[in-house]
Amino acid sequence: MDGGTAVTLFLNGLALGAILFLLASGLTLIFGLLDFVNFAHGAFFLVGAYVFTAIAAGGGSIFLGFAVAIAGGAAGGLLLERVLLRRAYGNELHQFLLTLGLGLIITEVVRVIAGPNFKSVGELEFFGGNVSILGGSVQEYRLFLIAVGVAVFAGMLYVLRRTRIGLIVRAGVENPGMVEALGTNVKRGFSIMFAVGAALALLAGAAAVPPSGGADPSLGEEQIVLAFVIAVVGGLGSYLGSALAAVSVGLLSSYASFYWEPGSSMVPVLLMAVVLLVRPQGLIPQARARV
Amino acid sequence: MRARAAALGRPGVAGVVGALVIAAAVPFWFSPYWVTVGIDVCVFAILGVSYNLLLGRIGLFSLGHALLFGLAAYMVANLTARSGLSLLPAAVVGVIASAAVAALTGLVASGARGIYFAMMTLAFAQVGFVLAETDAAGFSGGEDGLPISGVPELININVRQDALYWLALGTLVLVLVLVAVIRASSAGRLWNAVRENDVRAAALGIDVRRQRVAAYSVAGALAGVAGVLFALSIQTVTPNTLSVSVTVQALLITVIGGTGTFWGPVVGALFVRTSSPLLDELAGTGFVQGLSAPLERAVTSQPLILGTLYILFVLYLPAGVVGAAARVRGRFTREPA
C-alpha cells in the first residue's frame, strides 16, 4: 500500500465513521439518557434514506433532502414518543417489542410506497467531484460527510453540557422525581431528546444515500444491528464512546476491505467480540463519560 | 406422563391427551403442505420453550438465541455432508455443541444484567452470523448454505412429511416433559428466586451466576434440538438460521403465548408460525381479491399485521394469550411467584 492509497482509505474510513456515528449516536442518546431501547432506529434510518432519495432524484437539492429528513425525523419522533413509546419507559422488554412492531410496520409501509427494489438516486450535482490530498484521491461528498459528523458531534456535546435542556435531561436521568418536584417538566425534556435521536437516525439514512447510490427496503434491518454493535463497542449509552467506536469501525473497515473483500463486514462484529471479552463495559463506559 | 400431569396440575389430563391426539392426527386430515407447516410449528414451539426457560423462568432477556439454534443446524449439515457422519451422532454432537457454546458465552455474559445481557448475547450471535455468511471459517458454505445429507428416507421431507412431523411432535412432548420436571425441581425454584430478585437470592446464598449459566446451557441444548429438526425440515442450512430474525421469532412466540407460562410457547408458535401460510391462503380468497389493491395488501401483509399485534399485546395483553386466558377462567396455570 503506497502513501496515496493509505490517505484515500483513511479519508473514506473517516467518512464511513461519520455515517456510523450519526446512526449510532441517536440510538446511544436515547438509550443513555432515557434508558430506552429503540429497535425501530433502523427503520427510522430507512425512512431517511427514502426521503432523501425521493427529493434528490426528483431534482431537489441535497440540502433540502437533509433538511426534510431532519425535520421529519424530529416531528415523527416527537409524535411516536407522545402517543406510543412513552408507555414503555422502565420496561426494556416492552420497549423492545413496541419498537420492533413499529419497525416492521414502518418498513412495510416504505416497501408498499416505494416498491421492493433498489431505488436509485441518480447523478448528484453537488460534491460529485474528486479532490486530491497528499497523493490520495477522495470524493468531495465524503469530505462533506466528515464535516457533518464533526459538526453534529460538537453541537450535541454543547447542547448536552452547556444548555438548559441538556441540564434538565441530565438531571432527569439522575432523579426524575426530584426534577419534577422542583417544578421542571422532565417529560418534555425526554420528548425533545427522543425527537433529536429520531432526527439523527433520518439524517444518517439521508447521508448514507449518495455513497451507495440509492436506497433499499432491507437497509433498516442491516443498519439496526450495526448501530447496536457500535453502541456496545463504545459503551452502551455513552455518547463519547459511540463517536470513538464509529470512527474506529469506519477506519478499520476501510483498511480491512483493501486487503480482504469481506473484511468490512467482519470488522464490526470482531471488534465487538474483542471488546466484550477484554473490556465488556465498552471503550468509554457511560459512568465515566457522564454524557 | 404421570409425572407431567402431576407437575402441570391445572390444564387437566383429559385436555392434554385430547390435544395430543388431535395434533398427532394432523397428517391424516391435512395436505402435505400443511403437515410441513405443522413441522415448522413444532420446531419453533421447542425454540419458544427454550427461550421461555430463559425469559420466563430465570428472567434473562437474550437477543442471541439464533446462535444456539443455527449452530446445531450447521453442525448437522457439516458433519453429515462433509465428514460423512450418520445423522443421529451428528445430531447429538450438534446439540452438545449448542449447549457448550451456551455455557461458554453464558459464563462471559451472565455478569451483565438486563439489556446488557441482551446486547452481549446479540454480539456473540452476530459473530456467528457473519462467520457463516462470509464462510470465513470454511465451515458454512457462505451465503448459499450447506445441504444436509444422509437423511433416512423415512424422515426425508422431500419423500414423505408425516414421519418427520411425528418426530418433531414427539420431541416437543419430550421437551415439555423435561421442562415440567425442571419446574418442579429445586433448580426450577432457585431460578424463580433469581428472576424475582437476584440480589435477595444472592443474599440467601444462591450462586446467581452459576444458576444463570446452568439455565442458559439447558436452554442452549433445547435450542440445539430445535435447530437439528429445523435442518431436517429445510434440508439446506443457510446463514438465516443464525440471524436476529430467528431470535425475534423465539421472543415473539414466548411473549404472545405468555411469558413464564407452561403452554405459552406452544400457543405462541401455533399463532406466529401459521400466520404467514394463513395470510397466503386469505390472499387467495375471492373476498380479498375483490378489495382495492392497497387494502388487499394491508389485510394480507404479515409484517403489518404482526407488527400491529406486537404493539397491541404490549399495550393490552402483556401476559400473553395463555396468561389472559388463565385470568379469564380465574385459574392460574402459572404458579404464584
(message) How high is the relative contact order of segment B:215-329? Use alpha-carbon pairs under 8 Å, at least six apart in sequence, and give a whole percent.
(response) 28
(request) For every helix of n ≥ 4 consecutive DSSP H residues, a contribution of -39,500 (n - 2.57) applies; sum these over chain B, divide by its total residues, and give [θ] at 222 nm rounded to the nearest 500 deg cm²/dmol. (result) -23000 deg cm²/dmol
(request) From zero up to wherever the largest Cα-Cα distance of segment A:207-284 sits, split into 10 Å bins and tell me the percent of pairs in each. (result) 19, 46, 31, 4
(message) Only Cα pairs within less than 10 Å get springs; with that Gaussian network setup on chain B, which residue of B:297, B:189, B:82 has the largest fluctuation?
(response) B:297
(message) Quick query: amide H of residue A:39 versus all other amide H atoms, modeled in the peptide plane; which residues come in under 5 Å with a sequence gap of 5 or more or a different chain?
(response) A:99, A:100
(message) Treating only the Cβ of Lys, Arg, Asp and Glu as charged (+1, +1, -1, -1), what charge dipole size does segment B:121-217 show about its Cα centre? Round to the nearest 20 debye.
(response) 780
(message) Using Cβ contacts closer than 10 Å as the measure, can you line up B:216, B:310 from fewest to most?
(response) B:310, B:216
(request) First measure r as the distance between the Cβ atoms of residue A:124 and residue A:171, then evaluate 1/(1 + (r/R0)^6) with R0 = 51 Å and state the FRET efficiency to the nearest 0.05. (result) 0.75
(message) In 5 Å bins starting at zero, report the fraction of Cα pairs in segment B:100-155 per bin as a rounded %.
(response) 4, 16, 18, 15, 14, 14, 11, 5, 3, 1
(request) For segment A:41-175, count the residues as N, evaluate 2.2 N^0.38 Å, and divide the Cα radius of gyration by that value, please. (result) 1.32
(request) Return, for the Cα atoms of segment A:24-94, the radius of gyration and Dmax in Å, separated by a comma. (result) 14.0, 44
(request) Using a 10 angstrom cutoff on alpha carbons, build the Gaussian network for chain A and name the most mobile of A:51, A:83, A:110. (result) A:83
(message) Using the Kirkwood radius over C-alpha pairs as Rh, can you work out the diffusion coefficient of chain B via Stokes-Einstein at 25 °C, viscosity 0.890 mPa s, in µm² per second?
(response) 119
(request) Give me D for segment B:1-126 in µm² s⁻¹, whole number, from Stokes-Einstein with Rh from the Kirkwood sum over alpha-carbon pairs, 37 °C and 0.692 mPa s. (result) 190
(message) Using just the Cα positions, wrap chain A in a convex hull and report its mean projected area in square nanometres, one decimal place.
(response) 15.5
(request) Could you run the Debye sum over the Cα atoms of segment B:191-257, one equal point scatterer each and no solvent, and tell me log10 of I(q)/I(0) at q = 0.24, 0.28 Å⁻¹, two decimals? (result) -1.06, -1.17
(request) Treating only the Cβ atoms of Lys and Arg (+1) and Asp and Glu (-1) as charged, compute the dipole magnitude of segment B:13-154 about its Cα centre; round to the nearest 20 debye. (result) 500
(message) Defining a contact as two alpha carbons under 8 Å apart and six or more residues distant in sequence, what relative contact order in percent does segment B:1-110 show?
(response) 15
(request) Could you calculate, for segment A:133-177, the ratio of the Cα radius of gyration to the Kirkwood radius, expressed as Rg to Rh? (result) 1.34
(message) Using only the alpha carbons of segment B:161-298, what is the convex hull's orientation-averaged projected area in square nanometres?
(response) 11.6
(request) Compute the FRET efficiency between residue A:87 and residue B:295 as 1/(1 + (r/R0)^6), taking r as their Cβ-Cβ distance and R0 = 22 Å, and round to the nearest 0.05. (result) 0.15
(message) With only alpha-carbon atoms in the gyration tensor, what are the semi-axes of the equivalent ellipsoid for segment B:122-183, in Å, largest first?
(response) 30, 22, 8
(request) Before rounding to the nearest 500, sum -39500 (n - 2.57) across all DSSP H runs of length at least 4 in chain A and divide by the residue total; then give [θ] at 222 nm in deg cm²/dmol. (result) -25000 deg cm²/dmol
(message) I'd like to know how the protein assembly as shown sits against the 2.2 N^0.38 Å rule of thumb: what's its Cα Rg over that expected value?
(response) 0.99
(message) Which residue fluctuates most in the GNM of chain B (Cα springs below 10 Å): B:182, B:311, B:58?
(response) B:311
(request) Write down the Å³ per residue value for the convex hull defined by the alpha carbon atoms of segment B:261-302. (result) 62
(message) Can you give the Rg/Rh ratio of segment B:275-334, where Rg is from the C-alpha atoms and Rh is the Kirkwood radius?
(response) 1.16
(request) Mind putting a number on the dipole of chain B about its Cα centre? Charges go on the C-beta only, +1 for Lys and Arg and -1 for Asp and Glu, and I need it in Debye to the nearest 20. (result) 1460
(request) Could you list B:65, A:94 in order of exposure, starting from the residue whose Cβ has the fewest other Cβ atoms within 10 Å? (result) A:94, B:65
(message) Test of understanding: ordering B:29, B:191, B:166, A:260 by Cβ neighbours within 10 Å, fewest first, what list do you get?
(response) B:29, A:260, B:166, B:191
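Read the figures in this text as sums done on the coordinates, not as results from a lab. Everything numeric here is computed off the predicted structure, so don't read it as measured data. Every residue, glycine among them, receives a Cβ derived from its backbone with ideal geometry; neighbour counts consider all protein chains shown.
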